[in-house]
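Engineer: Provided herewith is a single structure, encoded as structure tokens, for subsequent inquiry.
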Amino acid sequence: MTTNLGTTDRVFRLLLGIILLAAPFVSGLTMFTSSTATIISVIAGLVLVGTSAMKFCPLYRIFGIRTCKV
């Protein structure tokens, strides 16, 4: 796996991932009363945090996208 995520992309993914992980438990929004919405939010948050930590996005590789400089 070669790095294909730049710093800005990684920070954005990390922040959005943390928000998606926390939202079902602290937001009090009615859409999270459904367990399906909670599960989708948590899975999406984990994927975003994981790709940020690994500096690699499999979808970026498939589509030939690189946001890192080198």
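Engineer: So in the stretch 8-64, with the set limited to residues that are assigned to a helix (DSSP H, G or I) and of a type in the set (Lys, Arg), which one is least open to solvent (accessible area, probe 1.4 Å)?
Structural biologist: Quick first cut of the stretch 8-64, residues assigned to a helix (DSSP H, G or I) only: 8-26, 30-33, 35-54, 58-63.
Still in the running and of a type in the set (Lys, Arg): 10, 13, 61.
Working: ARG10: 68, ARG13: 28, ARG61: 155 Å².
Within the stretch 8-64, the match that is least open to solvent (accessible area, probe 1.4 Å) is ARG13.
Engineer: What number of residues within the stretch 46-70 satisfy the criterion of being over 12 Å from the mean Cα position of the chain (by Cα) and more than 13 Å from THR7 (Cα to Cα)?
Structural biologist: Pass one, the stretch 46-70, residues over 12 Å from the mean Cα position of the chain (by Cα): 58-70.
Filter again for more than 13 Å from THR7 (Cα to Cα), leaving 58-65.
The number of residues fulfilling the criteria is 8.
The values are calculated or read from the model by the stated rules, or taken from the named source; none is laboratory data. These figures come from a predicted structure and were not determined experimentally. Only protein heavy atoms, including side chains, enter the accessible area calculation; ligands, DNA and RNA are left aside. Shrake-Rupley method; radii C 1.70, N 1.55, O 1.52, S 1.80 Å.
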